[in-house]
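Asker: Starting off with a structure, shown below.
Where a number appears in this text, it was derived from the coordinates with a stated rule and is not lab data. Keep in mind the model is a prediction, meaning the values are calculated, not measured.
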Amino acid sequence: MEEVVRAHGHEHVAGEHASTLELTADDYLTPAGDCILGIEADRTPADFDSEFVAACCDEDAEITLVLEAGGHRDTVTGRGHPDLEYTNERSFVARTSTYVDDRTVLVDADKAAEDVDRDLVAALEEGADLTATFRVA
């Protein structure tokens, strides 16, 4: 199963956070948002199909996030968790930890914002369009 989100880069995309990465539906980004890779997301976790969400709530589920922008591609792999809600109407957060709140969409991620391909981050900083594909198995 998969869900696709489209967003945009921004001049303040830095991709420097050590434990999270985020996409947001907000239409702005300040330099403090060093985990945010995309803004103006066309969907939020609350928009995801209930079957997809149920599959992500299995702690044995493998969740991948494929990020594509400016001709560059990177993949983040994590896992599901029984406490995932997918109810937030503003942002998606992938975490390297097991912390869960209403923004969390995967835990135990193998990458945070600082680990994402630097060419992809640079393209986003230049305002490239971002396609984020979430897959659960």
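Asker: Using only DSSP helix segments of four residues or longer, with each worth -39500 (n - 2.57), what per-residue ellipticity at 222 nm results for the chain after dividing by its residue count and rounding to 500?
Answerer: Computed mean residue ellipticity for the chain: -3000 deg cm²/dmol.
Asker: Ok, one more. Return the label of the correct value of Kirkwood radius over Cα pairs in Å, as calculated from the structure shown, out of [x] 14.2; [y] 14.9; [z] 16.9.
Answerer: Read-out from the structure maps to [x].
Asker: Another question about this same structure. Contact order normalised by length for the chain, with contacts defined as Cα pairs under 8 Å and 6 or more residues apart; what percent is it?
Answerer: Relative contact order here is 36 percent.
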